[in-house]
Amino acid sequence: MFFVLLATLSALYWVVAWLSVRAFFRAPRSYPADFTPPVSVLKPIRGLDPGLYENLVSFCHQDYPEYEILCGVLEADDPGVALVHRLQQAFPERGIRLVKAYPVGANRKASILQALAAEARYPILVASDSDMRVTPDYLRRVVAPLADPRVGIVTSLCRGSMAENTGAVMEALELGACFAPPALMGLYLLRMAYGFGASIALRREDLEQVGGFAAVADYLADDFQIAARVAALGRQVVLSDYVVDNVLGRMPLREVYERHVRWLRCARVSRPREYIPMAITLTLPLALLALFFTGFSPLGWLAFLGSLLIREGTAWLIAGHTGDQVVRRHLLWLPLSDLLHALYWAVALVGRRVTWRGDVYLVERDGRMIPVAPDVGHFPANPHAG
């Protein structure tokens, strides 16, 4: 009966998640149409992400009056450099600059962002990972909430796109059906303060007050740390209704595993009190346990089939609100994705070792990361983004 109760509560959780997502996207929003301050777009680059050039091009087609794009690398021979030069030639009017960064901590992305922020000309900064692709209204929509002086951080969810193999489909289901709804509930309902690397918009003055990206360059969750520190200034962290496309391409299942174990270990370290309660999201694994421990009784089958129906149905509805066509197209794979998610969660429950773009780190209790790989200075030729 214990697991039947847990499975039932878990299924109800996803009903609440769907209602929360629906309320969020249906909520009226009113921002000043003339609030379009100059923006510096910060793009940290490392290697060749799937569709990298097209991803960068999407930021050149923004319906926004004045903005610049700064692309940063840590190595002068990074393969992404050639694509940035190509971008500069194709869009000379965009003010695209290439910045050579230097490590200021163990977190290479934060090191690049620190260099980009130092070179940025404008008062509003928008940082976005290099595997993200956007539509022309992106900047207007993520900058608009900053018209309210109480808002310090505007962040965005992402959805998987262009999934070309099984690993990428599993990743898209993780992003759209497992990660996004709880993340939205945390920001929208519980007013938690965290950001996502997919997109973070903030004022330069707030960033400088918290010590810049250099202050979080030794932390695994740089986006979480920046948002938490800006929130500590008394600013609000808000979620934009703009959902960014995460271009996935082809992903080995091992890469999906390493990515989500890293994220979950990061969550365990950053928000330890929330980690065990996260098990309530594991609906299908809990339903399978209910089925097994009731001896495959009618009650166990009812709990299992009811949980399966609710999980699939709410995932379909949530994907409709987030515009996630990959989740809808591959919804029958969701039970497998949920079982894998339970595996990631269990593995991340213990241990401190994470792999990020081929480099290995140990995560300290305070969230700092220590490089342990023998060749942490080497950049893989074709890694996926964070």
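Values as computed for the structure displayed
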item	result
Residues being in contact with a Pro (Cβ under 7 Å, 6 or more places away or on another chain) and outside any helix (DSSP H, G or I) - total across region 176-208	1
Any chance A11 is buried (at least 17 other Cβ atoms within 10 Å of the Cβ), part of a helix (DSSP H, G or I) and out of contact with any strand residue (DSSP E or B) (no Cβ under 8 Å at 6 or more places or on another chain)	yes
Matching option when the condition is in the same structural domain as N55 (by TED's automatic domain parsing) and surrounded by fewer than 23 Cβ atoms within 10 Å (Cβ to Cβ), among R273, R229, R268	R229
Residue within region 216-224 that is closer than 24 Å to R141 by Cα and hydroxyl-bearing (S, T, Y) present	no
Some residue of region 166-175 being touching a Pro at 6+ places or on another chain (Cβ under 8 Å), surrounded by fewer than 24 Cβ atoms within 10 Å (Cβ to Cβ) and not hydroxyl-bearing (S, T, Y)	yes
Residues within region 317-366 that are at positive phi and loosely packed, with under 15 Cβ neighbours inside 10 Å, tallied	2
Selected residue (only one of R133, R121, R94, R140 is in the same structural domain as I200 (by TED's automatic domain parsing), under 18 Å from G47 (Cβ atoms) and of a type in the set (K, R))	R133
Breaking point among (1) touching an Asp or Glu at 6+ places or on another chain (Cβ under 9 Å); (2) modelled with pLDDT of 95 or more; (3) surrounded by fewer than 19 Cβ atoms within 10 Å (Cβ to Cβ), for A27	(2)
The listed residue being in contact with a Phe, Trp or Tyr (Cβ under 6 Å, 6 or more places away or on another chain), outside the structural domain of V243 (by TED's automatic domain parsing) and of a type outside the set (G, A, S), out of L334, L289, L299, L305	L289
Selection count where residues are assigned to a loop (DSSP other than H, G, I, E, B) and aliphatic (A, V, I, L, M), scope region 328-363	2
Boolean, R191 is at pLDDT below 95, of a type in the set (D, E, K, R) and more than 27 Å from R250 (Cβ to Cβ)	yes
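Residue-by-condition table, conditions (1) more than 20 Å from the chain's Cα centre (by Cα); (2) surrounded by fewer than 17 Cβ atoms within 10 Å (Cβ to Cβ); (3) of a type outside the set (F, W, Y):
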| position | (1), (2), (3) |
| --- | --- |
| A7 | yes, no, yes |
| A17 | no, no, yes |
| S20 | no, no, yes |
| P32 | yes, yes, yes |
| F35 | yes, yes, no |
| V41 | no, no, yes |
| E54 | no, yes, yes |
| F59 | no, no, no |
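The values are calculated or read from the model by the stated rules, or taken from the named source; none is laboratory data. None of these values were measured; they are calculated from a predicted model. So basically every Cβ, Gly included, is an ideal-geometry build from the backbone, and we count neighbours across all protein chains shown.
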